[in-house]
Amino acid sequence: MLGLGTVGSGVYRVLQSNASLIARKTGARIEVVKILVRDTGKSRGLDIPEGVLTDNPDEVLRDETIDIVVEVMGGIGLAREYALTALQSGKSLVTANKDMMAVYGEELFKAADENRCDLLFEASVAGGIPIIKVLKQSLAANRIEQVMGIVNGTTNYMLTKMTQDGSEFQDVLDEAQAKGYAEADPTNDVEGFDAARKIAILASIAFNTRIALKQVYVEGITRITAEDIKYACELGYVVKLLGIAKDTPSGVEVRVHPVLLPESHPLAAVNDVFNAVFVKGDAVGETMFYGRGAGELPTASAVTADVIDAARNIVHQVQGIIGCTCFDEKTVKPMGEVRTRNYLRLRVVDEPGVLAQIAYLFGENQVSLATVLQKETVEGKAELVLVTHEVAEQNLMQALEGFRKLAVVEEVCNVIRVEES
Ligand code: NAP
Ligand code: HSE
């Protein structure tokens, strides 16, 4: 093993506590030979035999008796280097590292393929939820049309709290940090970067094409207010941060942003730190996979299952039979061409003719309105909540540009895309 932190400790515990069951399922006994850590003297609350911990990577990577390397140290520099060395030495690699897979997946798969070993990474997306194997194997008969998921537990917890308590973003973030749910630097989670890595991985597998991280449109939840959530609720929606990937005739859509989701959608009921991935296949129809997206034992469940698979493949000498599945070239649609419905909240001057000016600008840009609500008026300024019919992002942006020049529009407070299915 490379790493014995949260996930590594969980893997070690599961391998010990379920050892005989795992041995019977695998047809081989799995022994943890060496574990690379930074600090071999740290107290870890685990019963680890003398000589297993090391701070020398060669003791793992150059040991010819080791068949499987489990990378649970994180980061993309050393992790990539060690992962490549392991694969080039003919060792199967199991990793929980979404950052490494999203950036270096292609290179690692090439090394795995050339050396006929397994590269398994179930825990890299949605922790304990089986989704990568589902897409690669269980749903292999399907043309996957859509993968849409709540793949970040921190932001789902925050949006759930904002919905239930009517609290503002910053208050919930402070509380989540105090409880240890959100990291001291929450940028990766709240700005959507963590979810972007995960949806890049899922889209690549689902659509059999290589989606680079830079092709994912990303927008986080920092602009969501308690007011938006309240109005969404009045309109029959909940606000969720989704990773969305669609394979459409005009190109692949891959994006992460907050959405208004109908209350009746299966993902709308996924609350707190839970994750879920909703998949549509042409044969299977709609399916959804739900569970814990992080944490010691849920993540260890996925990592250990990959270790079992890799060990079973070694027993039967069939390593590397399911390698890289990105065999197609597909174009990613620019965000401007993506069509969605949209929720808009505007602060406008409350006087005759204002709605007419707004409606005119919408009409000029081919934006059609589905709902118009006038909310509270404070000191002569009214809050307007609008929902558009489906429109290309670029048309909506042009209309918004126009609003910014209208004297009667004080502020475009928020724009949130609406996802109906
Ligand atoms: P962690 O608690 O920070 O543990 C990292 C481990 O790696 C520690 O044991 C550390 O050694 C060791 N390590 C780090 N850099 C090292 C280096 N340069 N040389 C030697 N050892 C090094 O991390 P984690 O939360 O378990 O996450 C591990 C991976 O799993 C990451 O890729 C993460 O994204 C992924 N993941 C985590 C979760 C989760 O719930 N935590 C869920 C899904 C995926 P010391 O113990 O000596 O410091
Ligand atoms: N920070 C992630 C989340 C967990 O909040 O879901 C690790 O992927």
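The values are calculated or read from the model by the stated rules, or taken from the named source; none is laboratory data. Just so we're clear, the structure is a prediction, and the values are computed from it rather than from any experiment. All Cβ positions, even for glycine, are placed from backbone atoms using ideal geometry, and neighbour counts span all protein chains on display. Note: accessible area is taken over every heavy atom of the protein model, side chains too, but ligands, DNA and RNA are not part of it. Shrake-Rupley method; radii C 1.70, N 1.55, O 1.52, S 1.80 Å.
From the residues in the range 279-330 that are of a type in the set (S, T, N, Q) and more than 16 Å from ligand 2 (Cβ to nearest atom), which one is nearest to L267 (Cα to Cα)? First the steps, then the outcome.
So the first thing to find is which residues in the range 279-330 are of a type in the set (S, T, N, Q), and the list is 287, 299, 301, 304, 313, 317, 319, 325.
Next cut, more than 16 Å from ligand 2 (Cβ to nearest atom) only: 287, 304, 313, 317, 319, 325.
Details: T287: 11, T304: 27, N313: 35, Q317: 40, Q319: 36, T325: 27 Å.
Across the range 279-330, the extreme among qualifying residues is T287.
Residues to consider are S17, S92; find the one that is under 20 Å from A311 (Cβ atoms), more than 16 Å from ligand 2 (Cβ to nearest atom) and open to solvent by 40 Å² or more (accessible area, probe 1.4 Å).
S17
Give just the number: which of (1) open to solvent by 20 Å² or more (accessible area, probe 1.4 Å); (2) at positive phi does G192 not satisfy?
In the conditions (1) open to solvent by 20 Å² or more (accessible area, probe 1.4 Å); (2) at positive phi, G192 misses (1) alone.
If a residue must be charged (D, E, K, R) and more than 16 Å from ligand 1 (Cβ to nearest atom), how many such residues does the range 281-315 contain?
Narrowing the range 281-315 to residues charged (D, E, K, R): 282, 286, 292, 296, 306, 309, 312.
Restricting the remaining residues to those that are more than 16 Å from ligand 1 (Cβ to nearest atom) gives 282, 286, 309, 312.
The total comes to 4.
If you go through the range 308-334 one residue at a time, how many are polar (S, T, N, Q), over 20 Å from I144 (Cα atoms) and surrounded by fewer than 17 Cβ atoms within 10 Å (Cβ to Cβ)?
Our first condition is that a residue be polar (S, T, N, Q); within the range 308-334, this holds for 313, 317, 319, 325, 331.
This time we only want the ones that are over 20 Å from I144 (Cα atoms), so: 313, 317, 319.
Add one more test, that the residue is surrounded by fewer than 17 Cβ atoms within 10 Å (Cβ to Cβ), and what stays is 317.
Result for the range 308-334: 1.
Does the range 158-178 contain at least one residue that is part of a loop (DSSP other than H, G, I, E, B), within 14 Å of ligand 2 (Cβ to nearest atom), over 24 Å from N313 (Cα atoms) and in contact (Cβ under 8 Å) with a residue 12 or more places away in the chain? Talk me through it step by step, then tell me what you get.
So in the range 158-178, the residues part of a loop (DSSP other than H, G, I, E, B) come out as 166-168.
Next cut, within 14 Å of ligand 2 (Cβ to nearest atom) only: none.
Checked against the condition, which is being part of a loop (DSSP other than H, G, I, E, B), within 14 Å of ligand 2 (Cβ to nearest atom), over 24 Å from N313 (Cα atoms) and in contact (Cβ under 8 Å) with a residue 12 or more places away in the chain, the range 158-178 yields no hits at all.
Looking at (1) in a helix (DSSP H, G or I); (2) under 24 Å from V238 (Cα atoms), find the lone condition where Q137 falls short.
(2)
Tell me which residues, restricted to the range 172-188, are open to solvent by 80 Å² or more (accessible area, probe 1.4 Å) and at pLDDT below 95.
Matches in the range 172-188: A178, K179, Y181, E183, A184.
For a quick check of your reading of the model, give me the residue pairs whose first member lies in the range 139-154 and is under 17 Å from A283 (Cα atoms), whose second is open to solvent by less than 30 Å² (accessible area, probe 1.4 Å) and not hydrophobic (A, V, I, L, M, F, W, C), with beta-carbon atoms closer than 6 Å and at least 6 apart or on different chains.
Hits for this filter: L139/G281; N142/G281; I144/G281.
Being touching a helix residue (DSSP H, G or I) at 6+ places or on another chain (Cβ under 7 Å), open to solvent by 70 Å² or more (accessible area, probe 1.4 Å) and either assigned by TED's automatic domain parsing to the domain that holds Y237 or at pLDDT 95 or above (or both), is that true of even one residue in the range 374-395?
Yes: one or more hits.
Given the structure, is F278 at pLDDT 95 or above and within 15 Å of ligand 1 (Cβ to nearest atom)? Reasoning before the result, please.
Numbers: at pLDDT 95 or above: yes; within 15 Å of ligand 1 (Cβ to nearest atom): no.
Against the criterion (at pLDDT 95 or above and within 15 Å of ligand 1 (Cβ to nearest atom)), F278 does not qualify.
Does the range 218-234 contain at least one residue that is charged (D, E, K, R), in contact with a Lys or Arg (Cβ under 8 Å, 6 or more places away or on another chain) and more than 30 Å from D171 (Cα to Cα)?
no
So which residues in the range 56-77 are near ligand 1 (Cβ under 9 Å from one of its atoms) and either closer than 22 Å to Q16 by Cβ or surrounded by 17 or more Cβ atoms within 10 Å (Cβ to Cβ) (or both)?
P57, E71, V72, M73, G74
Note down all Cβ pairs under 6 Å where the first residue falls in the range 25-53 and is at positive phi, the second is assigned to a loop (DSSP other than H, G, I, E, B), and they're at least six residues apart or on different chains.
Sorted first by the residue in the range 25-53, then by its partner, the list stays empty.
Quick check on this structure: which one of K246, K214 is assigned to a helix (DSSP H, G or I), within 15 Å of the chain's Cα centre (by Cα) and either modelled with pLDDT of 95 or more or surrounded by 20 or more Cβ atoms within 10 Å (Cβ to Cβ) (or both)? It would help to see each step written out before you state the result.
Working: K246 fails: assigned to a helix (DSSP H, G or I).
Testing whether each residue is assigned to a helix (DSSP H, G or I), within 15 Å of the chain's Cα centre (by Cα) and either modelled with pLDDT of 95 or more or surrounded by 20 or more Cβ atoms within 10 Å (Cβ to Cβ) (or both) leaves just K214.
State yes or no: is P352 surrounded by fewer than 18 Cβ atoms within 10 Å (Cβ to Cβ), away from ligand 1 (no atom under 16 Å from the Cβ) and under 31 Å from the mean Cα position of the chain (by Cα)? Walk me through it before giving the result.
Values: surrounded by fewer than 18 Cβ atoms within 10 Å (Cβ to Cβ): yes; away from ligand 1 (no atom under 16 Å from the Cβ): yes; under 31 Å from the mean Cα position of the chain (by Cα): no.
So P352 fails the test.
Working only within the range 249-266, note down all residues that are of a type in the set (A, V, I, L, M) and surrounded by fewer than 21 Cβ atoms within 10 Å (Cβ to Cβ).
Our first condition is that a residue be of a type in the set (A, V, I, L, M); within the range 249-266, this holds for 252, 254, 256, 259-261.
V252, the sole residue that qualifies.
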